[in-house]
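The values are calculated or read from the model by the stated rules, or taken from the named source; none is laboratory data. Worth saying up front: this structure is predicted, and the values here are computed from it rather than measured. With ideal geometry, Cβ positions are generated from the backbone for all residues, glycine too; neighbour counts draw on all protein chains shown.
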Amino acid sequence: MTSEVLIMTPSAVAMAADSVVTVNGNKTYEGVNKLFMLSKNPPMGIMIYNNANFITIPFETLIKDFREQMRNEDLNSVDDFRDKFKEYLENEPQKNDMVMMSLQKKIEVFTDHMTNEINDYNENTIGDWLINNSGLDVFDEYKDIIFTIFFKIKY
């Protein structure tokens, strides 16, 4: 459980967070950063809790990269930083590469499981298996990716 505190006065804001993280409900680590500086002028910070990753990329990495990219930007308000950070997360090329790598890895694991149950590999048997075993018709949406990875791995 994360503890974070934000105290606001008319002339200042103070932020604090604990430094312990729990993984899988039982293993704890101390000395974890949950509070990051976005800018010195104006002073601006960000706190994270719950999930330390955005998709597969650590928030710490994204925040530090964002801070570096915004170094010469003229951001003066919380709203400016919020909007720019949201835009950064939506457009970050590194994020898109990581999403595709993550999707490819998931499909590789999925196709390995599939090969244990399908003997005749063709579009019809794979499509039928996906429809019958997933509960959703994911085949049409990811058909090209599935076939590319599946046949690259198996042949």
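Observations on the model:
- Of the listed requirements (1) out of contact with any helix residue (DSSP H, G or I) (no Cβ under 8 Å at 6 or more places or on another chain); (2) exposed (fewer than 14 other Cβ atoms within 10 Å of the Cβ); (3) closer than 26 Å to SER77 by Cα, GLU60 misses just one: (2).
Conditions (1) under 16 Å from the mean Cα position of the chain (by Cα); (2) not aromatic (Phe, Trp, Tyr), marked per residue:
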site: ASN33; (1), (2): no, yes
site: LYS40; (1), (2): no, yes
site: ASN51; (1), (2): yes, yes
site: PHE59; (1), (2): yes, no
site: PHE66; (1), (2): yes, no
site: GLN69; (1), (2): no, yes
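- Contacts under 6 angstrom Cβ, first residue in the stretch 4-24 being among the hydrophobic types (A, V, I, L, M, F, W, C), partner in a loop (DSSP other than H, G, I, E, B), 6 or more apart: ALA17/LYS34; VAL21/VAL32
- Any hit, the stretch 92-115, residues being at pLDDT 75 or above and exposed (fewer than 11 other Cβ atoms within 10 Å of the Cβ): no
- Members of the stretch 1-40 that are touching a Ser or Thr at 6+ places or on another chain (Cβ under 7 Å), exposed (fewer than 12 other Cβ atoms within 10 Å of the Cβ) and under 20 Å from ILE63 (Cβ atoms): GLY31
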